[in-house]
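Taking it in order: structure first as structure tokens, then the write-up.
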Amino acid sequence: MTTMRGPAAGDATLRRRIEPWDFQDFFDPRDLRRETCLLYEINWGGRHSVWRHTGKNTSNHVEVNFIEKFTSERYYSPSARCSIIWFLSWSPCWECSKAIIEFLHQHRNVTLFIYVARLFHHTDLRNRQGIRDLISSGVTIQIMTEPEYCYCWRYFVNYPPGSEVHWPRYPRQWMMLYVLELQCIILGLPSCVKILRRHQNQLTIFTLDLQNCHYQMIPPHILLATGLI
Ligand SMILES: [Zn+2]
């Protein structure tokens, strides 16, 4: 239901929200900007209270910044169960994947779910292996689709009054292409989605190169969801 108010003035997350235009640019599946944005929530011990915050790259990648901040916070309790959800505009690079795995190794009480808007340099074999290593270490990784965009808008964006339901509607096909490519990574198949930026007209385009192995291994509903098969 649409309300005429933005986030309530007393909302404790208000200062930690990002602006609508930032969200729109950072999380557009077609936008290949270099910086990464992280929206995250931390839930301790299954309690109802959730800690939400946002972060961007500094001289470090945003994932490393998160780990440094998390491990230096005074509220950290090594014995309590902790569930963390990340909404990342780019998937982790292979170096961050290593850092995340090390972090999880040292914090056995932490469960990490990662939603990503785009796959970072996804044809680089090291990044592909990094994602597989994360999954083997118990991390859940999924591509952001409409429900996640809606959720992030509501809980992480300083949306203007009356715009509670006006989260950006990106083309579903782009999300489905990344879902397909993530499936290729998980199954150890060669990349089938190539993404290119045309600088003359600022257009991002993709090509799809499906081989027999893709048809044999990838569930048909994932192939069909791209609308190209
Ligand atoms: Zn990184």
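Structure notes:
- Residue in the stretch 124-134 that is over 17 Å from ASP25 (Cα atoms), in contact with a Leu (Cβ under 7 Å, 6 or more places away or on another chain) and in the same structural domain as GLY46 (by TED's automatic domain parsing) present: no
- Condition check for TYR159: in the same structural domain as CYS37 (by TED's automatic domain parsing), crowded, with 20+ Cβ neighbours inside 10 Å and either in contact with a Gly (Cβ under 7 Å, 6 or more places away or on another chain) or assigned to a loop (DSSP other than H, G, I, E, B) (or both): yes
- Candidate set from the stretch 92-110 (those that are part of a helix (DSSP H, G or I) and of a type in the set (D, E, K, R)); member that is farthest from the ligand (Cβ to nearest atom): GLU102
Residue-wise test of (1) part of a loop (DSSP other than H, G, I, E, B); (2) within 16 Å of the ligand (Cβ to nearest atom); (3) touching a Gly at 6+ places or on another chain (Cβ under 8 Å).
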position: THR58; (1), (2), (3): yes, yes, no
position: GLU63; (1), (2), (3): no, yes, no
position: ILE67; (1), (2), (3): no, yes, no
position: THR71; (1), (2), (3): no, no, no
position: PRO78; (1), (2), (3): yes, no, no
position: ILE84; (1), (2), (3): no, no, no
position: LEU112; (1), (2), (3): no, yes, yes
position: HIS122; (1), (2), (3): yes, yes, no
position: GLN129; (1), (2), (3): no, yes, no
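- Identity of the residue in the stretch 131-156, free of Cβ contacts under 8 Å to residues at least 60 places away in the same chain and in a loop (DSSP other than H, G, I, E, B), that ends up surrounded by the most Cβ atoms within 10 Å (Cβ to Cβ): VAL139
The values are calculated or read from the model by the stated rules, or taken from the named source; none is laboratory data. In this text the structure is predicted, and so the values were computed from the model without any measurement. Please note: Cβ atoms are built from the backbone with ideal geometry, for glycine as well, and neighbour counts cover all protein chains shown.
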